[in-house]
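K.L.:
Okay, handing you the structure first.
The values are calculated or read from the model by the stated rules, or taken from the named source; none is laboratory data. Fair warning: this is a prediction, and the values are worked out from it, not measured in the lab. Glycine gets a Cβ as well: all are built from the backbone with ideal geometry, and neighbour counts include every protein chain shown. Just the protein is used for accessible areas: all its heavy atoms, side chains included, with ligands, DNA and RNA removed. Shrake-Rupley method; radii C 1.70, N 1.55, O 1.52, S 1.80 Å.
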Amino acid sequence: MFWDKKMETLNPADLQALQLKRLKKTLRSVQSVEFYRKQFDNAGVAVSDVKTLDDIQKFPFTKKQDLRDGYPFGFFAVPMRKIVRIHTTSGTTGKPTVVGYTRRDLDTWANLIARNMTMIGVGKDDVFQNMVNYGMFTGGLGFHYGAEKIGMAVIPSATGNTRRQIEMIRDFGVTTIHCTPSYAMHLSEVAEEMGETLESLKTGIFGAEPWSDNMRHTLEDRLGLTAYDSYGMSELFGPGVAFECPERDGLHIWHDSYLVEIINPKTGERLSDGERGELVVTPLIKEAMPLIRYRVGDVTMLMEDGCLCGRYKKIARITGRSDDMLIIRGINVFPSQIEHVLLRIPEVGNQFMVYIDRINHLDEMTVEVEINRSHFSGELADLARTQKKVVKELHDTLELRTTVKLVEPGSLPRFEGKAKRVIDRRGDI
Ligand code: ADP
Ligand code: ZN
């Protein structure tokens, strides 16, 4: 075992003692970062003010913009000679930020991934195809070393050439795959076209972007596997921050490694368990780039109920980033809600795009979705009926009137990594 298994079921008092010890160490280590020295001075706080875990609330947040301002290496807490790897974020919401790792960080990170994968029961007997970008994106090398650590046979297939990916799954008897849920959907379409049933597949690990429960059911049906949600972000090493256990009802976040708070994104106030807000994390085990109260920007909550597996408190699946939320005529909409609605309508396919425009000072949302040939007669009346149905279902869930356009199967873009399904054109006017 590469980590102490006891960590997963520590009693609350022992866990808190461990967190407090690690928190103080982390607060001391950021003293070598100018940004934090200044920030602590301005706020009039010092490490010695921390007597309990709650005292973390005296410290200011670190925001994504701070990391951008510190580009490239402003947040490194160790000299460059101790850095052995550099990654960047994907840059989904702006300029990518830089992350550095010491040798020990790489080991800690691989252990976290190994721990997640062990939790869902994969190991030495499994063949693992890692279908994500192996470059700067942390999902590639992150999963690669974690999976090797527990003795899986790792195929670093990366992205692209979907037919070849499918042949490899078939020929190498792949049991476990990792990719974005969007790519998994595309993979299932191409497998169907090729007439491949991918019998060997048992486990799918999907992450790096929000995906709905209906997406899970669709992927499980089409690929014949059990799908697990994997969550992480580059600033906190990469994937491996939180992961579903076999109960698949929320994600276990490793509290011995990450101190978790949920805040009201507007006021910064801390929320209670069961209340949804923005995730704020203070990593407790990072060496090269420790962060204090990092505002991750993703929306979730700490779940009130314990897990049947006995591990510690979970976070709910991520609905999206707080800045992913679309405000259409004053109504809040997450793209993952649109996905959830569309996937339960059999007459339409799994691919969609959302366009937001401002027409005559009013926000207008247009959803393009592919029709599903196997549920469609080709009759014009059928088309009109389906179109109306989609409008109604979207309205029932989102309480919003939308324009729906049904398009030919195969005509919308497919994504190898994170999908970009929303095009907001309001800023262009
Ligand atoms: P970027 O933030 O530029 O996309 P990363 O590649 O580090 O860079 O991506 C991390 C982000 O991806 C998270 O903050 C979150 O918004 C999203 N993400 C990762 N995993 C999941 C998941 N399982 N569910 C929902 N969102 C996820
Ligand atoms: Zn569990």
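K.L.:
If the Cβ limit is 6 Å and pairs must be 6+ apart or interchain, which residue in the stretch 74-102 that is closer than 16 Å to Ser32 by Cα pairs with which residue that is open to solvent by 50 Å² or more (accessible area, probe 1.4 Å)?
P.N.:
Listed by first residue and then by second, the contacts come to Ala77/Ser32; Gly100/Ile86; Thr102/Lys82.
K.L.:
Further, regarding this structure: Looking at this structure, is Val241 modelled with pLDDT of 95 or more, more than 13 Å from ligand 1 (Cβ to nearest atom) and outside any loop (DSSP other than H, G, I, E, B)?
P.N.:
no
K.L.:
Please specify each residue of the stretch 110-141 satisfying the condition of being small (Gly, Ala, Ser), at pLDDT 95 or above and within 15 Å of ligand 1 (Cβ to nearest atom).
P.N.:
Listed by number, the residues that qualify are Gly139, Gly140.
K.L.:
Continuing with this model, one more query. Take the conditions open to solvent by less than 10 Å² (accessible area, probe 1.4 Å), more than 16 Å from ligand 2 (Cβ to nearest atom) and at pLDDT 95 or above and apply them to Leu236. Does it pass?
P.N.:
yes
K.L.:
Hey, does the stretch 33-51 have a residue that's outside any helix (DSSP H, G or I) and open to solvent by 70 Å² or more (accessible area, probe 1.4 Å)?
P.N.:
The answer is yes, given that some residue of the stretch 33-51 is outside any helix (DSSP H, G or I) and open to solvent by 70 Å² or more (accessible area, probe 1.4 Å).
K.L.:
Among (1) within 16 Å of ligand 1 (Cβ to nearest atom); (2) surrounded by fewer than 16 Cβ atoms within 10 Å (Cβ to Cβ), which single condition is Leu308 missing?
P.N.:
Every condition holds for Leu308 apart from (1).
K.L.:
List the strands (runs of 3 or more DSSP E) that sit entirely inside the stretch 91-157 and contain at least 3 residues that are out of contact with any Asp or Glu (no Cβ under 8 Å at 6 or more places or on another chain) and farther than 23 Å from Glu235 by Cα.
P.N.:
127-130
Yes/no matrix, rows are residues, columns are (1) in a helix (DSSP H, G or I); (2) closer than 26 Å to Pro265 by Cβ:
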{"residue": "Ile318", "(1), (2)": "no, yes"}
{"residue": "Ile338", "(1), (2)": "yes, yes"}
{"residue": "Asp363", "(1), (2)": "no, yes"}
{"residue": "Ser377", "(1), (2)": "no, no"}
{"residue": "Thr397", "(1), (2)": "yes, yes"}
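K.L.:
Let me ask something else. For the stretch 259-291, which residues satisfy the criterion of being more than 17 Å from Ala316 (Cβ to Cβ), in contact (Cβ under 8 Å) with a residue 60 or more places away in the chain and among the charged types (D, E, K, R)?
P.N.:
Correct list: Lys286, Glu287.
K.L.:
May I ask you to list pairs of residues, at least six apart or on different chains, whose Cβ atoms are under 8 Å apart, with the first in the stretch 371-388 being open to solvent by less than 60 Å² (accessible area, probe 1.4 Å) and the second being assigned to a helix (DSSP H, G or I)?
P.N.:
From the stretch 371-388, the pairs are Ile371/Leu383; Ile371/Thr386; Phe376/Asp382; Phe376/Leu383; Phe376/Thr386.
K.L.:
For the stretch 1-14, which residues satisfy the criterion of being crowded, with 17+ Cβ neighbours inside 10 Å and assigned to a helix (DSSP H, G or I)?
P.N.:
Answer for the stretch 1-14, where residues must be crowded, with 17+ Cβ neighbours inside 10 Å and assigned to a helix (DSSP H, G or I): Met7, Glu8.
K.L.:
Collect the residues in the stretch 52-82 that are open to solvent by less than 30 Å² (accessible area, probe 1.4 Å) and of a type in the set (Phe, Trp, Tyr), keeping them in residue-number order.
P.N.:
Within the stretch 52-82, Phe59, Phe75, Phe76 qualify.
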